[in-house]
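First up is the structure itself, then whatever we jot down about it.
Bear in mind that the values in this text are calculations on the coordinates, not laboratory data. Bear in mind that the values here come from a model prediction, so they are computed numbers and not experimental data. Note that each Cβ is placed from the backbone with ideal geometry, even for glycine, and that neighbours are counted across all protein chains shown.
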Amino acid sequence: MSRNRFFKALVPDTKIYLWIIGILTLIILAYNRTYGILGMVLLVYLTYYNWKTSYNRKKKWTQYIESLSSEIDSASKYAILNLPVPLIILEFDGTVTWYNSKFSEAVKEKDLLERNMEEIVPGFKMSEMLKEDDGYGQEIRFTIKGRLYQTLHNVVKAEKDRYIVILYFIDRTELSKLSIRYEEEKTALAQIEVDDYDDVISSTQEGERPLVVAEIDRRLGLWSTRMNGIIKKLQKDKYVVFFDARYLENQIAKKFDILDEVREINLGNKIPVTLSIGVSVRKGNFGQLEDDSVAALDLALGRGGNQAVVKNENIFDFYGGKTKALEKRNKVKARVVSHALKQLLDQSSRVIIMGHKMPDMDSYGAAIGVYRMALNRGKDAFVVMNGNEGNIESIYGKFKGDKSYAFISPQKAQELCDDKTLVIVVDTHRPSFVQCPELLEMTNRIVLIDHHRRGTEFIENTVLRYLEPYASSASELVTEILQYIEERMTLEKIEAEALLAGIMVDTKNFSFKTGVRTFEAASFLRRAGADTTEVKQLFQDDLEMFVSRADIVRKAEIIRDGIAISVCTECGGNVQLVVAQAADALLNIRGINTSFVIGTKGEGEILISGRSLGDMNVQVILEKLGGGGHLTVAGAQIEGITTEEARNMLLAAIDEYLAKEDN
């Protein structure tokens, strides 16, 4: 500030000079009157001259400003009258007070004065227009006579206590068409794999095998041609198809009818031909496009195949998947997994095993089977239990008193975990469902063994993954690995019974999802000493549970054709087991093909069990509620809501599923 004052002092100012002359004149007057009077006369003249000059300069400047303002007003009027975009001036009630010719041309009407804007432009709401204070830049758009306009407005004070609204219409029609064209011409990539190709071909007579292969190629080629796409066969059972994104909506509307077309191939093949398709649309570079399509294909395969999965941003949409996963008769993969797991066990310092929260017989049996593998390889092994063993109390009681088995809390597991610790997860692939989710972040040595159809939430950082949705249970998969991991497998009687109990609970006593390999696994466990009578006793109910289950069945109501829902607010101690058994029992009633049972476990904690005879995919329905499972058996756990809210959410999910099926 002092610097500015210094520069101001140097700026010439006539008043300062006059003051200096006046002071000097007074000094001269004191010494010489004659010269002093002459100086005073000169000072008066200079003062008058300075005033006159300043006055004239100010007058000319004022005239210039007034002239300029007049020119600006004329330019403003000209600009408004000849503005190249539609413009209209409105009162606050929407009454038209003025408009330019471009607006009249846009609406193709004349004599708009004193009319209300809401009558002229369909969908226009003055109240909506004035919601935003900033006005400019709003994305409020209207379609007028087939043209798309973006509106911008400005509120102006016209007179005292009177405001008007100036409304501009920016034509976005061509930009919108260009945007739509851009979206339509994005590249879409479909990764296609023929499910169980080797089994399909081997089930076909040798002379007809080329016909089956040629028919698959032909139908996929025609499908690609209908989309103006390019198809390339990468391997005997793998294809890629490039096409414009505009055709994807059509495929979604048809629910990827290529799935049904290929399944109709019947040229001597005893196993139906099915496809797994993963589709993505380019959002970034082509590398990301490929990664997304591969991720979608992996998800389709992990859910049992015979379906298409479309990845859009971070959302997966599923189409098809109405058939049960085909059992793989070849055990090559089980041998490969057992060999890889054997090496991982040998390279680890210790092994920590965990299943899902609120474990069932299958989760516990699979954990015990893996525990035995680790012991046989001479490793220290631990099973994580979170103190919620109510569902498996009968089998857990046989182990907890035996010091040969180490059960630890999640906190202890985190203390033991280090870089050389092998973490094995069984019977779930969802990181939020495991007994100790923190363990998954503490190590990158993770093995996954699961039989559920893959969901969008998945444990990604695994060194070994054995995800087989065709299998009846995780216990079946673990039993197969046990047969190959050692030449002479040591398996205790109660361990074999735990595995057999796991298989029985997920197959409903060998009536659901039971294949040849399921019986082979059960046969192996029987030879290992499993007593079927003792296993059956593990499933005995007490009187309270039997009454609770019967009460749930009694309260069930039919909400749609063949769909039963029952709500249990007081289910007794073992809620998870009761609702699961009640859902199974409802399917024994004639006329019911799908059942859902909702139970309350604790304060704001809801359990839902879904069962189906195959007509409905209960997995897809319960996935919308955060659950998962299989086509015929699924479940969900929801926190923070009431049973009534859970029922409404379930009904909405069922309606959405049925609406998609009807379309």
Problem set entry | Quotient of Cα Rg and 2.2 N^0.38 Å for the range 409-496, N being how many residues it contains | 1.16
Seminar exercise, completed: Percent antiparallel among DSSP beta bridges confined to the range 187-320, rounded to 5, stands at 85
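Per the helix-only calculation at 222 nm, which mean residue ellipticity applies to the chain, given -39500 (n - 2.57) for every DSSP H run of n ≥ 4 and division by its residues, nearest 500 deg cm²/dmol? Don't jump to the answer; show the numbers that get you there.
Details: 25 runs with 300 residues, N = 663.
Per the formula, -14000 deg cm²/dmol.
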Exercise. Given the Cα-Cα distance of S104 and V547 and 0.36 nm per residue of separation, how much length would full extension add, in nm?
Worked result: 151.8 nm
Exercise. Taking a point 7 angstrom from the Cα of F286 along the C-beta vector, which residues in the range 162-182 have backbone N less than 13 Å away?
Worked result: none
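For K238 and T643 in the same chain, what is the full-extension length gain: residue separation times 0.36 nm, less their Cα-Cα distance, in nm?
Additional length available on full extension: 141.2 nm.
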For this session: Could you grab the relative contact order for the range 543-662? Cα pairs under 8 Å, six or more apart, rounded to a whole percent.
Result: 19
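Tell me, R263, R181 in order of fewest to most beta-carbon neighbours within 10 Å?
R181, R263
Give a quick list of chymotrypsin sites (Phe, Trp or Tyr not before Pro) in the range 77-129 that DSSP marks as loop, anything other than H, G, I, E or B, with at most 14 other Cβ atoms within 10 Å.
F92
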Exercise. Which angle from 0 to 90°, rounded to the nearest 10, does the C-alpha axis of helix 575-586 make with the longest principal axis of the chain?
Worked result: 70
Exercise. Nearest 20 debye, what's the magnitude of the dipole of the range 441-516 about its Cα centre given +1 on Lys and Arg Cβ and -1 on Asp and Glu Cβ?
Worked result: 220
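Check each of the trypsin sites (Lys or Arg not before Pro) in the range 545-631 and keep only those in coil by DSSP with at most 10 other C-beta atoms within 10 angstrom; list them in order.
Numbers: sites: R549, R554, K555, R560, R590, K601, R611, K624; in loops: R590, K624.
Counting only loop positions with at most 10 other Cβ atoms within 10 Å, the trypsin sites (Lys or Arg not before Pro) in the range 545-631 are R590.
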Exercise. Pairs K400/K420; K102/K186; K379/K508; K186/K255; K58/K157; K412/K601: which exceed 24 Å Cα-Cα?
Worked result: K400/K420; K102/K186; K379/K508; K58/K157; K412/K601
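How high is the FRET efficiency from S127 to D418, r the C-beta distance, R0 45 Å, rounded to 0.05?
Plugging the Cβ-Cβ distance into 1/(1 + (r/R0)^6) gives 0.10.
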Exercise. How many percent of DSSP beta bridges within the chain run antiparallel, rounded to 5?
Worked result: 70
Exercise. What is the range 347-465's relative contact order, in percent, from Cα pairs under 8 angstrom and six or more apart in sequence?
Worked result: 29
Seminar exercise, completed: Expected vector for the range 255-262, Karplus 3J(HN,Hα) from phi with 6.51, -1.76, 1.60 and θ = phi - 60°, integer Hz, x for Gly and Pro, equals 6, 6, 4, 4, 4, 6, 4, 5
Exercise. Which of the cysteines in the chain are isolated, no other cysteine C-beta under 4.7 Å?
Worked result: C417, C436
For this session: May I ask for the angle, rounded to the nearest 10°, between helix 516-527 and the longest principal axis of the chain, with both axes built from Cα atoms and the value confined to 0 to 90°?
Result: 60
Exercise. Taking square-rooted eigenvalues a ≥ b ≥ c of the alpha carbon gyration tensor, is the range 332-537 rounded, prolate or oblate, where a/c under 1.5 means rounded and, failing that, a/b exceeding b/c means prolate?
Worked result: rounded
For this session: Compute the long axis of helix 173-184 from its Cα atoms, compare it with the longest principal axis of the Cα atoms of the chain, and write down the angle in degrees, 0 to 90, nearest 10.
Result: 20
Seminar exercise, completed: Expected vector for the range 360-375, Karplus 3J(HN,Hα) from phi with 6.51, -1.76, 1.60 and θ = phi - 60°, integer Hz, x for Gly and Pro, equals 10, 4, 5, 4, 5, x, 5, 5, 5, x, 5, 4, 5, 4, 5, 4
For this session: Just flag the GluC sites (Glu not before Pro) in the range 469-562 sitting in loop per DSSP whose Cβ has no more than 12 other Cβ atoms within 10 Å.
Result: E487
Seminar exercise, completed: Between R554 and F407, the FRET efficiency computed from the C-beta separation at R0 = 51 Å comes out, to the nearest 0.05, as 0.85
Problem set entry | Gyration tensor verdict on the range 449-543 (Cα atoms; rounded if a/c is under 1.5, prolate if a/b is larger than b/c, oblate otherwise) | oblate
For this session: Can you tell me the relative contact order of the chain? Whole percent, Cα pairs under 8 Å, sequence separation 6 or more.
Result: 7
Problem set entry | Cα-Cα P(r), the range 594-657, percent of pairs per 10 Å interval | 25, 58, 16, 1
Seminar exercise, completed: Using eta = 1.002 mPa s and T = 20 °C, Stokes-Einstein with Kirkwood Rh from Cα pairs puts D for the range 543-662, in µm² s⁻¹, at 155
Exercise. How many times 2.2 N^0.38 Å is the alpha carbon radius of gyration of the chain?
Worked result: 1.55
